[in-house]
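**Student:** Sharing a structure here in structure tokens format.
Readers should treat all values here as calculations from the given coordinates under stated rules, not as data from a laboratory. Just so you know, these numbers come straight off a predicted model, no measurement behind them. As a convention, Cβ positions derive from the backbone with ideal geometry for all residues, glycine included, and neighbour counts pool all protein chains shown.
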Amino acid sequence: MRRPLVRALTRPLALAAAAMAIPLVSASPAASDGVVVGGFPVDVSVSPWTVALSSRDRFGGMRSGQFCGGVVVGPATVLTAAHCMAKEVLGSPRVTDLTVVAGRTDLYSDVGREIPVGEVWVNPAYDSSSNSGDFAVLKLTEALPQSSVIGMAAAGDPAYTPGTEATVYGWGDTTGIGSYAHTLRAARLHVLPDSHCEAAYPGPAEGTYEAETMVCAGEVRGGRDACQGDSGGPLVAQGRLIGLVSWGSGCGRPTSPGVYTRVSDLMRVLRWDTGSRESNETA
Ligand code: ARG
């Protein structure tokens with residue numbers, strides 16, 4: 001990592017908010033047919049790089065304090081969405097019990113590991129009005145096994161080609177109206193041409209799609225999508241990470257695909273060396 005990590009603020013926060021990560025785009029209530037909407041249950045062992053971000057202080061203990069997703073891209077390195085670290089989500093000062101939950105399919109259980117987050121680095125180029133550059137890097141205080149690490153798809157990787165099958169994972173809303181899952185779910189989608197999201201999100205009202213920093217994915221007929229609470233979690237194609245759940249209008253609507261943080265752009269910003277995945281584990 002060439003850029004300084006910003007240490008998470010460390011003052012207590014009394015508020016126990018039930019609020020989930022907020023939708024970034026003002027959207028009328030979504031009607032969807034239920035991940036992740038339109039998804040299916042999966043065991044976390046099939047996607048060990050999918051982790052839950054949690055703060056019991058802020059979100060309560062019921063669902064292990066889950067409020068966003070994350071992705072293990074190095075033994076002690078987790079990616080999530082920048083907006084998951086926003087003060088509207090984590091309070092100001094930021095919660096002190098930010099934790100990554102790994103290996104826990106069912107958030108009602110205590111299976112797996114809870115690892116405190118040591119440092120939080122939010123992409124300084126993240127723009128909360130356009131949602132561009134929506135990623136943050138979390139450094140864990142303990143390492144996960146290498147078998148939990150997923151590789152990232154660099155620029156030019158065929159996994160970004162429109163039409164490619166992709167899968168999104170998360171514990172988020174399964175209906176679009178606030179029914180949060182307690183077991184991990186996945187939905188099979190396709191990478192869509194940038195033109196779909198450019199048409200769906202041409203400007204400020206519904207958000208602005210930016211092909212350089214975002215990936216468009218979903219189903220043309222709708223039905224399958226990420227949703228609130230899935231943010232920061234993985235979009236995987238051909239076994240590689242191509243996106244992080246970022247935003248959308250409603251969930252699973254036919255003309256409003258999901259928008260994901262483009263992982264190849266994030267690698268560029270982080271100057272991530274594809275040849276040695278561990279280069280960011282030190283320094
Ligand atoms: N912003 C949401 C979150 O914080 C993710 C929304 C994704 N929406 C979608 N339709 N794909 O969890």
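**Student:** At a 10 Å Cβ-Cβ cut-off, how would you order Lys87, Lys139, fewest neighbours first? Mind dumping the intermediate values first?
**Tutor:** On the way: Lys87 10, Lys139 19.
The fewest-first ordering by Cβ neighbours comes to Lys87, Lys139.
**Student:** Using the number of other C-beta atoms within 10 angstrom as an exposure proxy, rank Ile242, Ile177 with the fewest first.
**Tutor:** Working: Ile242 24, Ile177 14.
The order, fewest Cβ neighbours first, is Ile177, Ile242.
**Student:** Could you list Ser246, Ser231, Ser109, Ser47 so that the one with the fewest beta carbons within 10 Å of its beta carbon is first and the one with the most is last? Don't skip to the answer; put the middle values down first.
**Tutor:** Numbers: Ser246 29, Ser231 33, Ser109 11, Ser47 21.
Exposure proxy ranking, most exposed first: Ser109, Ser47, Ser246, Ser231.
**Student:** Now, a different point. Using alpha-carbon positions, what is the distance between the centroids of the range 105-159 and the range 165-205, in Å?
**Tutor:** Each part reduced to its Cα centre gives a spacing of 18 Å.
**Student:** Loop only by DSSP, 14 or fewer other Cβ within 10 Å of the Cβ. Give me the GluC sites (Glu not before Pro) in the range 182-232 that pass, ordered by residue number. Mind showing how you got there, number by number?
**Tutor:** Numbers: sites: Glu198, Glu206, Glu210, Glu212, Glu219; in loops: Glu206, Glu210, Glu212, Glu219.
Answer in residue order: Glu212.
**Student:** Hand me the chymotrypsin sites (Phe, Trp or Tyr not before Pro) from the range 87-195 located in a DSSP loop with no more than 14 other Cβ atoms within 10 Å, in residue order please. Write down the numbers at each step before the final one.
**Tutor:** Values: sites: Tyr108, Trp121, Tyr126, Phe135, Tyr160, Tyr169, Trp171, Tyr180; in loops: Tyr108, Tyr126, Phe135, Trp171.
Passing sites in the range 87-195 are Tyr108.
**Student:** List the GluC sites (Glu not before Pro) within the range 114-157 that DSSP assigns to loop and that have no more than 13 neighbouring Cβ atoms inside 10 Å. Write out the running numbers ahead of the final one.
**Tutor:** Numbers: sites: Glu114, Glu119, Glu142; in loops: Glu142.
Passing both the DSSP loop test and the Cβ count: Glu142.
**Student:** Further question: Given the peptides 191-197, 61-67, 253-259, 150-156, arrange them by the average over their residues of other C-beta atoms within 10 Å, most packed first.
**Tutor:** Numbers: 191-197: 18.7, 61-67: 21.1, 253-259: 22.9, 150-156: 16.4.
Descending mean neighbour count gives 253-259, 61-67, 191-197, 150-156.
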